[in-house]
């Protein structure tokens with residue numbers, strides 16, 4: 001789909017791809033299916049799919065349920081355990097996050113969960129040839145750090161960069177993360 005969209009927009013060159021969390025699976029798939037279109041790949045807070053080291057079961061069950069989207073007090077109570085990192089130490093971050101979080105709409109959320117069910121990149125990661133930056137939080141309860149280490153070990157031209165934060169490090173530590181990504185993307 002992304003390849004077709006780029007073509008419809010009249011862009012036939014290479015692109016740099018950034019995927020975060022579940023979007024990291026989409027980014028891996030794009031790099032795999034369209035190696036000539038993907039110049040560089042950044043994978044953040046993601047895993048190789050269903051063949052992964054899962055987060056804590058209690059965290060995952062809270063994450064999958066819709067209540068955190070509709071009940072701000074519930075999110076305030078469980079958010080630090082879900083997102084980890086800075087959220088464990090600063091309740092104001094969770095208040096801010098709850099103002100911006102959007103509830104899933106109807107069947108789309110279920111479809112997203114089902115789409116992830118059988119997908120894995122583990123079998124073909126060794127075939128990715130793009131320079132890849134794997135970024136991950138050291139305290140990510142959703143996707144444990146070991147998954148980033150697996151990605152970086154399996155992708156031939158990958159570098160691992162660990163951030164002292166949780167699953168949402170890309171937002172919470174943007175000032176620290178942006179220069180790392182910029183340097184990686186500017187390399188020739």
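Derivation of every value follows stated rules applied to the coordinates shown; laboratory data play no part. Every value quoted in this text rests on a predicted model; they were computed, and no experiment measured them. Counting neighbours? That spans all protein chains shown, and the Cβs are built from the backbone with ideal geometry, glycine included.
See the values below:
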read-out: Solution diffusion estimate, µm²/s, Stokes-Einstein, the stretch 57-188, Kirkwood Rh from C-alpha pairs, 37 °C, viscosity 0.692 mPa s; value: 199 µm²/s
read-out: Helix-only CD estimate at 222 nm, as mean residue ellipticity for the chain, using -39500 (n - 2.57) per DSSP H run (n ≥ 4); value: -13500 deg cm²/dmol
read-out: The stretch 57-109: translational diffusion in µm²/s, Stokes-Einstein, Kirkwood Rh over Cα pairs, 10 °C, 1.306 mPa s; value: 139 µm²/s
read-out: Helix axis angle, 72-83 relative to the chain longest principal axis, alpha carbon, degrees; value: 50 degrees
read-out: Distance-filtered residues of the stretch 44-67 - backbone nitrogen under 12 Å, label point 7 angstrom along residue 153 Cα→Cβ; value: 53
read-out: Degrees separating the helix 107-117 axis from the principal Cα axis of the chain, which is the longest one; value: 60 degrees
read-out: Extended-chain gain in nm, criterion 0.36 nm per residue less alpha-carbon gap, residue 129 and residue 174; value: 13.5 nm
read-out: Relative contact order, percent, the chain [alpha-carbon distance under 8 Å, six or more residues apart]; value: 25 percent
read-out: Exposure proxy ranking, count of Cβ atoms within 10 Å, fewest first, for 16, 139, 36; value: 36, 16, 139
read-out: Contact order normalised by residue count of the stretch 19-104, Cα under 8 Å, 6+ apart, percent; value: 21 percent
read-out: 0 to 90° range, to nearest 10: angle between helix 174-186 axis and the chain longest Cα axis; value: 10 degrees
read-out: Centroid-to-centroid separation of the stretch 77-136 and the stretch 145-167 [C-alpha atoms, Å]; value: 15 Å
read-out: Ratio Rg/Rh [Cα only; Rh per Kirkwood] for the stretch 1-105; value: 1.08
read-out: Pairwise FRET efficiency - residue 2 versus residue 145, Cβ, R0 = 22 Å, nearest 0.05; value: 0.20
read-out: Cα gyration tensor shape of the stretch 112-165, rounded if a/c is under 1.5, else prolate or oblate by comparing a/b with b/c; value: oblate
read-out: Neighbour-count order for 138, 21, 47, fewest beta carbons within 10 angstrom listed first; value: 138, 21, 47
read-out: Rounded to 5, percent antiparallel among DSSP beta bridges of the chain; value: 5 percent
read-out: Which of 111, 69 has the fewest Cβ neighbours within 10 Å, and the rest in rising order; value: 111, 69
